[in-house]
Amino acid sequence: DGYRNTNQVSDDYRYQDGNYDPPNDGYYRGGDEPAQEEDAQSDVTEGHDEDDEVYEGEYQGIPHPDDIKEKQKKRAPAVDDEYRDRADLMAERMEDEEQLAHQYENIIEECGHGRFQWTLFFVLGLALMADGVEVFVVGFVLPSAEKDMCLSSSNKGMLGLIVYLGMMVGAVLLGGLADKLGRKQCLIISLAINAAFAFLSSFVQGYGFFLFCRLISGLGIGGTLPIVFAYFSEFLSREKRGEHLSWLCMFWMIGGIYASAMAWSIIPHYGWGFSMGTKYHFHSWRVFVLVCALPCIASLVALKFMPESPRFLLEIGKHDEAWMILKQVHDTNMRAKGEPERVFTVSYIKTPKQVDEFIEIQSSTGTWYQRWLVRITTTLKQVWDNVLYCLTAQYRMNTLMLAVVWFTMALSYYGLIVWFPDMIRYFQDEAYESRVKIFDEEEVSHFTFNFTLENQIHRNGEYRNDKFIGMKFKEVRFEDSLFEDCYFEDVRSSETFFENCTIISTIFYNTDLYEHKFINCRLINSTFMKEKEGCHIDFEEDNDFLIYLVSFLGSLSVLPGNIISALLMDKIGRIKMIGGSMLISAVCCFFLFFGNSESAMIGWQCLFCGASIAAWNALDVITVELYPTDKRCS
């Protein structure tokens with residue numbers, strides 16, 4: 001065998017010289033190659049231009065390996081793709097993608113990291129900031145919106161839930177479309193949906209319409225998140241990806257700070273608004289919702305001036321468009337560095353084999369809505385196929401592991417974000433109840449109450465010929481008391497009840513002392529005239545300042561974690577970053593059990609948020625990196 005291999009090598013060289021005669025060994029050889037021209041050998045040894053690529057062995061008459069492959073392709077019979085097995089096409093595409101991945105990394109390194117990436121960084125940062133703002137909006141407006149819309153506890157819970165439900169659907173739908181239609185186009189659609197329905201939600205009056213607007217706005221929020229990270233990562237080299245994606249996550253923190261500051265400065269000014277008749281009211285919390293839509297609109301406008309991801313364009317075979325964008329990136333960065341003379345040396349980029357079958361529907365085929373129905377169903381099927389692809393054998397374990405980590409991170413972070421205000425309110429209620437004033441067996445007659453009674457309990461009292469005019473009861477209880485010949489006019493109340501009381505010959509005019517506030521009471525010859533219109537629900541008095549302050553501190557506390565994760569992401573790795581961050585977060589969460597004051601709870605919340613943000617950042621990075629380009633957003 002060794003002897004025959006040696007002969008074969010020499011045969012190959014004789015074949016390349018053009019003097020090869022097929023050996024008579026009983027094996028069939030393909031058609032004879034036409035002999036080269038007589039001066040072919042001398043041509044080989046002639047000089048080359050400066051730009052010619054010279055490789056070792058050329059002057060010995062050995063042709064370039066690419067020339068040999070080209071000859072073999074010419075000799076091989078051409079087979080149309082439609083007659084080839086899909087597995088063969090997919091194998092060829094996988095090979096092309098591997099070549100493209102290596103070449104694209106080299107191209108991005110040649111383009112450098114400079115002005116273009118920083119411009120895109122701020123544009124996509126605005127989009128991420130807009131998402132952070134919109135997530136906080138509902139929590140900030142609820143204390144005011146519940147009064148305007150008369151929301152029960154279940155209504156408030158649904159309003160908080162509906163945004164996350166929209167985010168879940170939007171992430172799957174718009175994230176999947178970004179792998180088919182393009183990063184930029186789908187990001188524009190997501191931001192437009194978010195901006196339009198967030199803007200609209202500030203004007204609608206009814207609870208049902210407001211709920212619907214926040215649901216659709218959530219679709220846009222959910223669609224933005226996966227696209228932003230995939231889009232930016234495709235303009236970054238591997239060595240800079242972890243660091244700069246972590247810096248990008250800081251805009252979520254900026255969104256939380258912006259929302260807290262705007263809520264703090266706008267919502268308490270209840271007079272910042274207008275009314276149209278008795279039915280339409282535009283109060284300050286609606287102004288706040290409008291202001292929160294501004295980052296989304298700004299990002300939408302700026303994104304119009306940014307190009308599509310060249311990595312995505314190469315994936316779908318649009319070589320020339322991708323090359324022009326990469327040249328733009330290169331030239332922009334080189335000009336910013338003061339090296340405008342640097343030339344973009346890439347002339348050809350490998351594009352993967354196109355396997356997907358697209359059928360162009362003629363305008364004469366069916367009606368317009370039938371054609372659109374076919375297009376939509378085909379696209380949705382491709383999106384669903386991408387989702388299923390993440391569960392194939394190659395990616396199943398990665399997907400399941402990531403799903404567990406994403407779920408536990410979201411459960412702990414958002415669960416505690418929802419729980420903290422309730423816990424702080426619990427401490428406030430305890431302190432408030434400790435200051436309650438109790439009055440036993442008091443007798444008051446011919447007296448006019450025109451001031452606020454707050455946090456009081458009156459037991460076994462007697463009130464005769466008294467007037468309660470233009471006043472407010474706040475957290476007041478009357479137990480086993482007598483009211484005789486009294487007069488209540490223009491009275492407002494919250495968390496006020498009459499228990500086991502006897503009320504004789506008393507008039508209630510223009511009050512909100514409704515029937516459910518009299519528990520086991522005897523009403524004798526008493527009259528209720530012109531009850532106050534509006535909501536019949538008692539609302540908790542929230543300390544708005546404290547709620548905004550807690551959210552502001554919680555958002556600000558993630559700054560150190562963001563900086564640390566950005567600087568160490570590429571040094572210690574994604575997995576160690578996630579594990580270490582989650583472990584420290586769990587310790588902070590454990591010590592919440594021992595918190596017995598507002599300040600302690602706020603402190604542990606800040607530590608928890610600051611520790612967990614590093615895991616969030618690493619999770620964003622590793623999720624982008626574990627999947628191929630055409631499945632990354634999905």
Within segment 459-507, strands (runs of 3 or more DSSP E) holding 1 or more residues that are within 12 Å of residue 521 (Cβ to Cβ), β-branched (Val, Ile, Thr) and in contact with a Lys or Arg (Cβ under 9 Å, 6 or more places away or on another chain):
502-504
Going by what's in this entry, would residue 217 be described as in the same structural domain as residue 282 (by the TED database), hydroxyl-bearing (Ser, Thr, Tyr) and crowded, with 22+ Cβ neighbours inside 10 Å?
yes
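Within segment 381-430, track down each residue that is outside any helix (DSSP H, G or I) and open to solvent by less than 60 Å² (accessible area, probe 1.4 Å).
Passing the criteria: 390, 392, 395.
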Just one of 580, 603 is small (Gly, Ala, Ser), in a helix (DSSP H, G or I) and either under 19 Å from residue 409 (Cα atoms) or not assigned by the TED database to the domain that holds residue 393 (or both); which is it?
580
Any residue that is part of a helix (DSSP H, G or I), under 18 Å from residue 296 (Cβ atoms) and modelled with pLDDT of 70 or more - is there at least one of those in segment 108-121?
yes
Does residue 445 satisfy being surrounded by 16 or more Cβ atoms within 10 Å (Cβ to Cβ), without any contact (Cβ under 8 Å) to a residue 24 or more places away in the chain, among the polar types (S, T, N, Q) and farther than 30 Å from residue 606 by Cβ?
no
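Results for (1) β-branched (Val, Ile, Thr); (2) under 24 Å from residue 617 (Cα atoms); (3) modelled with pLDDT under 90; (4) not in a helix (DSSP H, G or I), shown as yes or no for each residue.
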site	(1), (2), (3), (4)
218	no, yes, no, no
221	yes, yes, no, no
235	no, yes, no, yes
244	no, yes, no, no
250	no, yes, no, no
254	yes, yes, no, no
258	no, yes, no, no
272	no, no, yes, yes
285	no, no, yes, no
Hits in segment 572-609 (condition: in contact with a Leu (Cβ under 7 Å, 6 or more places away or on another chain) and of a type in the set (Ser, Thr, Tyr)):
none
If you go through segment 328-358 one residue at a time, how many are under 31 Å from the mean Cα position of the chain (by Cα), of a type outside the set (Ser, Thr, Tyr) and within 17 Å of residue 105 (Cβ to Cβ)?
4
Among the candidates 575, 622, residue that is out of contact with any strand residue (DSSP E or B) (no Cβ under 6 Å at 6 or more places or on another chain) and either open to solvent by 30 Å² or more (accessible area, probe 1.4 Å) or within 21 Å of residue 261 (Cα to Cα) (or both)
575
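For (1) modelled with pLDDT of 85 or more; (2) open to solvent by 30 Å² or more (accessible area, probe 1.4 Å); (3) among the hydroxyl-bearing types (Ser, Thr, Tyr); (4) outside any helix (DSSP H, G or I), each residue gets a yes or a no:
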position: 132; (1), (2), (3), (4): yes, no, no, no
position: 160; (1), (2), (3), (4): no, no, no, no
position: 170; (1), (2), (3), (4): yes, no, no, no
position: 199; (1), (2), (3), (4): yes, yes, no, no
position: 211; (1), (2), (3), (4): yes, yes, no, no
Conditions: (1) closer than 19 Å to residue 164 by Cβ; (2) modelled with pLDDT under 85. Residue 405 meets all but one. Number of the miss?
(2)
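Listed here are the residues, each with its yes/no results for (1) in contact with a helix residue (DSSP H, G or I) (Cβ under 9 Å, 6 or more places away or on another chain); (2) of a type in the set (A, V, I, L, M).
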position: 293; (1), (2): yes, yes
position: 297; (1), (2): yes, yes
position: 305; (1), (2): yes, no
position: 311; (1), (2): yes, no
position: 314; (1), (2): yes, yes
position: 317; (1), (2): no, no
position: 325; (1), (2): yes, yes
position: 332; (1), (2): yes, no
position: 349; (1), (2): yes, yes
Residue count for segment 585-607, restricted to those that are modelled with pLDDT of 85 or more, open to solvent by 40 Å² or more (accessible area, probe 1.4 Å) and farther than 18 Å from residue 551 by Cβ
5
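The values are calculated or read from the model by the stated rules, or taken from the named source; none is laboratory data. Model, not experiment: these values are computed from the prediction. Glycine gets a Cβ as well: all are built from the backbone with ideal geometry, and neighbour counts include every protein chain shown. Accessible surface is based on the protein model in full, side chains and every heavy atom, while ligands, DNA and RNA are left aside. Shrake-Rupley method; radii C 1.70, N 1.55, O 1.52, S 1.80 Å.
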